[in-house]
Number of protein chains: 2
Amino acid sequence: VVTFKITVAYDGSGFVGWQRQAHGTSIQGLIEDAVGAFAGRAVVVHGAGRTDAGVHALGQVASFTIDRDIDAGTVVRATNARLPDSVRVLDAEPVDPRFHARHSARGKTYAYRILNRRVPDVFQRAYVWHVAAALDADAMASAARPLAGRHDFAAFQASGASTHTTERTVRAISISPPRRTQNGDGSMPVGPFAGLERDVMTIEIAGDGFLRHMVRTIVGSLVEIGSGRREPEWLGRVLASRDRALAGPTAPASGLFLVRVAYDADPLADEC
Amino acid sequence: VVTFKITVAYDGSGFVGWQRQAHGTSIQGLIEDAVGAFAGRAVVVHGAGRTDAGVHALGQVASFTIDRDIDAGTVVRATNARLPDSVRVLDAEPVDPRFHARHSARGKTYAYRILNRRVPDVFQRAYVWHVAAALDADAMASAARPLAGRHDFAAFQASGASTHTTERTVRAISISPPRRTQNGDGSMPVGPFAGLERDVMTIEIAGDGFLRHMVRTIVGSLVEIGSGRREPEWLGRVLASRDRALAGPTAPASGLFLVRVAYDADPLADEC
C-alpha cells in the first residue's frame, strides 16, 4: 500500500470543475479513472482545492492510496497516458500514509489575471478577465491592505454557501500593475507570444484557506475601485459588514489560477 | 464606395481555416457575414493569406469594398460586435480602391512555435507543436541557411497542390533557441504566465509568398535535423531535389502563426 501526492496542472475551460459531478467532465473524475486503470480497482483521489468550472490550476495537489507497488515515475507516465492533454500530472511522490491533500494543506496561493486594455486578446480569452476600462492599480493596492490578516470573510462568500466558519487568514495580497512593455528595460517584445504578459494585471492572494468564490468576489470588488466606481475605503467597510450584498460582482472563472498548495514540510508553507 | 484594409487576429483552433468552405466555420465567412450585416448587402472579403485549419494569425490582412459612407473606427467596432471572441479586427483603414489584400501583398512573415521539453503545457497545447526530444538549435540554423534566397520550393509543397510556379523567395529565416529561463538576466519568471516563452523555440520565416504547407514542411524537416535523425547538409539536398517525398513530415497547424503581411507603402515591406 502506497500513498502518493501528485501535482496537477489543468486548463479548466470546458470542465465542470475539480469535483466529480453527476453530469459533465470533472478533473477529479478523469484522474480517478486514470489512476483506477493502473491500480486495478476504483480509487478516490482527494484534491487540495475544489476549483470551480472554468478555473485553472498551475499546481493543484491531490492524494490517493493504491495497493500496488509502483514507482513515482510510472505514476506520472501511466496517469498522463490516460488523461486529455488539457490535464497533466507534473509530479508524483510517495508520502506518509497519513497525508491527505486537503486536510494536510497549510495554505494556498491563487492568482487572478485581468487583461486591462481596450482590445481583447484572441489567444487569452479563456485565461483572463478582459476589463476595457483603465484600472488604477495603486487605488486597488491601497484598498486591498485591510484584507490581510485574520478576518470574517462572509461578505466575499458565494451566496447560499454554508461552512463551519467564515473566518480565514489572508497571508498576503499583491497587485502587479499591467505591464505596458514586455521587457523590464523598456525594449520591445520579440516573437508572437512574447507580449502575453503585456497589459495583464495580476492579483495574487495567499492564505490558509478560501471560502467559495472568495478570491473572485475580492477581485470583482477591487475592479469596482480600480475603475473609479468606488473609493478605496469602501472595501474595508464591505469586509466589516460581513454582508455579501454589499460586495462587488464575482469576477469570471477564466482569470483564476490555483498556483500552489503549501504543506508543513514545504519551505514555502509560511508564504502561502 | 470605400475600400477598407483591415488587420485581423484569430485563434485558428476550431475553424476550417481562413477560406469559406462548403462545411464548417471559416474566418473569411464570419467576417463576410459581419461586414455584410452593416454594409446592407453581401460583401466579398479578400484575405492576404489562406491559412489552413488550426493555423493562427496575429496580423492577417483583408480587404473589401462597401458602398456606404462609414468611418474606420465604426468598421472595427461593428465588425467585432458580430464576431466570436476568437476573431478580432485590430485595425481598419480606408485605402486606394485598387488595393487588394492578396494581389497587393509584397511579402508575409510566419512564425512557428515549438515547445521543446519533456512535459507538454496544458495552456499552450493549441498554440505550439510539443516536441519532447531535445532539439539542437545550432544544427537547425545551419541547415536552414541554404533556404534563404530565390529557389524552387517544390520539395516543401503539399502533395497534390498545383500552382503556376513553385519558385519563391525566402527573405529571412531565423531560429530562436528555446529560452531556458524567462528573463535575460537569469532571474526566475514572476506570475503564472510569465514562463510562457520558456522552452519555446520560434522559427520565423519571411518571404515574398509561400506554397501550401511550405512553412510547416520546412519546420518538420528542420526538426528531423534538430533531433539528430538527419545531418544539417540533408536539407540543401532536399531543396535541390524538388521532390516532396524526400522532405520531412508536415509540422502540425497548431504551432503556425501568420505574423504580418507587408505592402509597398509599409516600411517593413523589404523585411518580409
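Take the conditions (1) more than 14 Å from chain B (Cβ to nearest Cβ); (2) farther than 29 Å from A:Arg242 by Cβ; A:Ala155 misses just one of them, which is (2).
Go through segment A:228-251 residue by residue and tally those that are in a loop (DSSP other than H, G, I, E, B), surrounded by 18 or more Cβ atoms within 10 Å (Cβ to Cβ) and not aliphatic (A, V, I, L, M).
Here is the first cut: in segment A:228-251, the residues in a loop (DSSP other than H, G, I, E, B) are A:228-233, A:242-243, A:247-251.
Next cut, surrounded by 18 or more Cβ atoms within 10 Å (Cβ to Cβ) only: A:230, A:232, A:247-248, A:250-251.
Okay, now just the ones that are also not aliphatic (A, V, I, L, M), so A:230, A:232, A:248, A:250.
So the count comes out to 4.
Scanning segment B:34-76 for residues that are in a strand (DSSP E or B) and open to solvent by 10 Å² or more (accessible area, probe 1.4 Å) gives B:His46, B:Asp52, B:Leu58, B:Thr65.
Out of curiosity, is A:Ser221 in a helix (DSSP H, G or I) and within 17 Å of the chain's Cα centre (by Cα)? For A:Ser221, the condition - in a helix (DSSP H, G or I) and within 17 Å of the chain's Cα centre (by Cα) - is not met. Yes or no: B:Val122 closer than 24 Å to A:Val89 by Cα and without any contact (Cβ under 8 Å) to a residue 12 or more places away in the chain? The answer is yes for B:Val122.
The residues in segment A:67-118 that are hydrophobic (A, V, I, L, M, F, W, C) and touching a His at 6+ places or on another chain (Cβ under 9 Å) can be counted, and the count is 3. In segment B:159-179, the residue that is farthest from the chain's Cα centre (by Cα) out of those that are within 14 Å of chain A (Cβ to nearest Cβ) and open to solvent by 60 Å² or more (accessible area, probe 1.4 Å) is B:Arg179.
Among the numbered conditions (1) farther than 24 Å from A:Ala206 by Cβ; (2) small (Gly, Ala, Ser); (3) in contact with a Gly (Cβ under 6 Å, 6 or more places away or on another chain), the only one that A:Ala53 does not meet is (1).
Give the residues of segment B:4-20 that are of a type in the set (S, T, N, Q) and in contact with a helix residue (DSSP H, G or I) (Cβ under 8 Å, 6 or more places away or on another chain), sorted by residue number. Those that are of a type in the set (S, T, N, Q) and in contact with a helix residue (DSSP H, G or I) (Cβ under 8 Å, 6 or more places away or on another chain): B:Ser13, B:Gln19. In this structure, A:Gly29 does not qualify as touching a helix residue (DSSP H, G or I) at 6+ places or on another chain (Cβ under 9 Å), within 30 Å of A:Gln124 (Cβ to Cβ) and open to solvent by less than 50 Å² (accessible area, probe 1.4 Å).
Selection of segment B:180-206 for residues being farther than 23 Å from A:Ile175 by Cβ, within 12 Å of chain A (Cβ to nearest Cβ) and at pLDDT below 50 yields B:Gly184, B:Asp185.
The values are calculated or read from the model by the stated rules, or taken from the named source; none is laboratory data. Just so we're clear, the structure is a prediction, and the values are computed from it rather than from any experiment. All Cβ positions, even for glycine, are placed from backbone atoms using ideal geometry, and neighbour counts span all protein chains on display. Please note that ligands, DNA and RNA were not included when accessible areas were found on the heavy atoms of the full protein model with its side chains. Shrake-Rupley method; radii C 1.70, N 1.55, O 1.52, S 1.80 Å.
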